[in-house]
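Please read the structure below before turning to the comments.
What follows draws every value from the coordinates through simple rules; no lab data is involved. Because the structure is a prediction, the values reported are computed rather than measured. Note that we place each Cβ from the backbone using ideal geometry, even for glycine, and neighbour counts take in every protein chain shown.
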Amino acid sequence: MEPKDYLNPAEEKMELAIAYLDEALTHIRAGKANPKLIDGIKVEYYGSVVPISNVANISVPDARTIAITPWEKPMFKEIEKAIINSDLGITPENNGEVIRLCIPPLTEDRRKQLVKQSKAEAETAKVSVRNARREAIEGLKKAVKQGMSEDISKDAEASAQKLHDKYLKKIDDLFAAKEKEILTV
């Protein structure tokens, strides 16, 4: 048994936690238009349910507007219905050619709510990183019982702790950047 047999899977799990957090934070509205806000919204298209990006062009003409240009006329109603039924909380405007979503400025309370939501996502990612470290250390302790030297095990545990600290710092940095983005008026 090699220490890397325990550290590599732990690092992969930590990396996945960062990727998850990054994805989760992009879906949190920060007062600016971002096409990722509507990524999770699905529409009915010829019997199957697909993301809006599969049936329309999505662009951001300015900081407060998302423009959706459906490729087919019948999709206007479907897209509008999907946006209204989503938890986005924005009413679409349709001029017959383009559906516009005007992102309203955030209120103070809503900003605090979004920061709290971001913090919860960051905490979830931290728990994942801690669990990955714990699993690696438990595996190393079992390996000592199976014949791995204690010195090698202790060095590997220190490496696991360093990985843990590195990824927690990344999580804190991602959260701090998102918090700044949300609180910037």
Legend entry - Length added when fully stretched, Thr184-Asp172, from 0.36 nm per residue minus Cα-Cα: 2.5 nm
Legend entry - Rg ratio (alpha-carbon, reference 2.2 N^0.38 Å) - the range 18-86: 1.16
Inset, instruction - Output the peptides 106-114, 6-14 sorted from most to least packed, where packing is the average of other Cβ atoms within 10 Å over each peptide's residues. - result: 6-14, 106-114
Legend entry - For the range 57-64, Karplus couplings with θ = phi - 60° (6.51, -1.76, 1.60), whole Hz, Gly/Pro x: 8, 10, 9, 10, x, 8, 5, 10
Legend entry - For q = 0.13, 0.14 Å⁻¹, Debye-computed log10 I/I(0) when each Cα of the chain counts as one equal scatterer: -0.77, -0.82
Legend entry - Simple label model, 7 Å out from Cα along Cβ direction - Arg130 to Ser59, nm: 4.7 nm
